[in-house]
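Worksheet: one structure, shown below.
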Amino acid sequence: FEAGPTPDEDIRILDQHIETIRISGQMDRVVQVGEVAPDFSSLSTCGRTVELGELLPNGPVVLTWFRGNW
């Protein structure tokens, strides 16, 4: 499967969502590099609840997520 370029309509919709987030002020409230993140829990890709506080004693934590349908 070879994916083609993103259709112009998809780019326009994505740009609208980004602008909505930008003007909402949400980006002014995100944790910045070097700040301590608040403790939270989330589901892992295996469906297990994981707490940040459980992971930190093992070293730095990198959190990533993917938005979209699979």
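Coordinate-derived values only; no laboratory data. Everything numeric in this text was worked out from a predicted model, so none of it was measured. Glycine gets a Cβ as well: all are built from the backbone with ideal geometry, and neighbour counts include every protein chain shown.
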Open item on the list: From the alpha carbon gyration tensor of the chain, can you work out the equivalent ellipsoid semi-axes (sqrt of 5 times each eigenvalue) and give them in Å, largest to smallest?
Closed with: 30, 20, 11
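Charges at C-beta only: +1 for Lys and Arg, -1 for Asp and Glu. How large is the resulting dipole of the chain about its Cα centre, in Debye rounded to 20?
180
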TODO: Please give the calculated 222 nm ellipticity per residue for the chain, where each DSSP H segment of at least 4 residues contributes -39500 (n - 2.57) and the sum is spread over every residue; nearest 500 deg cm²/dmol?
DONE: -9000 deg cm²/dmol
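Explain nothing, just the number: relative contact order of the chain, from Cα pairs under 8 Å at least 6 residues apart, as a whole percent.
Working: 20 pairs, mean separation 9.2, N = 70.
That works out to 13 percent.
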Task: Karplus-derived HN-Hα couplings along the stretch 42-55 (A = 6.51, B = -1.76, C = 1.60, θ = phi - 60°), whole Hz, x at Gly and Pro - done: 8, 7, 6, 5, 8, x, 8, 6, 10, 10, 4, x, 6, 8
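Which longest run of the chain has no exposed loop site in it, a site being trypsin sites (Lys or Arg not before Pro) in a DSSP loop with at most 11 other beta carbons within 10 Å, and the site itself not part of the run? Spell out each step's value before the answer.
Working: sites that count: Arg48, Arg67.
Answer - 1-47.
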